[in-house]
1. Is the range 48-59 home to any residue that is outside any helix (DSSP H, G or I), polar (S, T, N, Q) and at pLDDT below 85?
2. So, of the residues in the range 136-171 that are in a loop (DSSP other than H, G, I, E, B) and aliphatic (A, V, I, L, M), which turns out to be surrounded by the fewest Cβ atoms within 10 Å (Cβ to Cβ)?
3. Looking at A32, is it loosely packed, with under 13 Cβ neighbours inside 10 Å and either under 30 Å from Y80 (Cβ atoms) or modelled with pLDDT under 70 (or both)?
4. Of everything in the range 69-78, what is at pLDDT below 75 and exposed (fewer than 12 other Cβ atoms within 10 Å of the Cβ)? Give them in sequence order.
5. Hey, does the range 102-115 have a residue that's surrounded by 11 or more Cβ atoms within 10 Å (Cβ to Cβ) and either more than 30 Å from R149 (Cα to Cα) or among the aromatic types (F, W, Y) (or both)?
6. Does the range 151-174 contain any residue that is among the acidic types (D, E) and within 19 Å of R111 (Cβ to Cβ)?
7. Looking only at residues that are among the small types (G, A, S) and at pLDDT 80 or above in the range 124-149, which one is nearest to the chain's Cα centre (by Cα)?
8. Any idea which residue in the range 115-132 is farthest from A102 (Cα to Cα), counting only those that are outside any strand (DSSP E or B) and touching a residue at least 24 places away in the same chain (Cβ under 8 Å)?
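The values are calculated or read from the model by the stated rules, or taken from the named source; none is laboratory data. Every value quoted in this text rests on a predicted model; they were computed, and no experiment measured them. FYI the Cβ positions are ideal-geometry reconstructions off the backbone, even for glycines, and counts take in every protein chain you see.
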Amino acid sequence: MSGGHAAWCGNGRGTQRYLPLRRTDEDQLTQAILALAAKYGRYGYRRITVLLRDAGWQVGKDRLQRIWRREGLKNADYQYGKRRLRQIDGRIRFLTKRIEAAEVVDPEAPRAGQAATRAFFGATVRSANAAGVERVVSIVGTDEIDLNRNHISWVSPLGRALMKSAAGDSVVLQLLGRIPDRAGSALRAHFCGTVP
């Protein structure tokens, strides 16, 4: 008896329910589906339905989809695509925040106070090592690094050592494993000032 018929007879709808029929071949069909899903991992339930029909099973896509969901099977291409989409969305969020937080720094703009005499973000500075070899570098953001143009990051070891140093200051840069000159494990640089 259906729920509507039960209500018509004076009984509550919730007292009558259809019992789900479990077919006798359900377990065998489930095993066949699992075997095909393991063999053809990139196939979805529609392609598996076609393979089962070709193998002689009398199965519709709705029944197969119900078993597919119950067993927790997923299409590998779909899963990979969703993971890739999440990675792209995360990268977009990261770059959007970076763009919103970006600030244009004009190195030619006059600076007041200590900023006029010290190395700062965006400045082009001249430094000399212990041997007297001068090097001109620009301190830029992490996205603008270009060693061919002598643009170094403000978070690089040399950039951190030069930041906020004034003309005539000597800074010591401790190096790990690399020795660019013969002076030892520390690079001693004399800050000559900003380049106009």
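1. no
2. Selected residue: V155.
3. When the stated conditions are applied, A32 does not pass them.
4. Across the range 69-78, the qualifying residue is only Y78.
5. Scanning the range 102-115 turns up no residue that is surrounded by 11 or more Cβ atoms within 10 Å (Cβ to Cβ) and either more than 30 Å from R149 (Cα to Cα) or among the aromatic types (F, W, Y) (or both).
6. Yes - at least one qualifying residue is present in the range 151-174.
7. Here the answer is G141.
8. The selected residue is A131.
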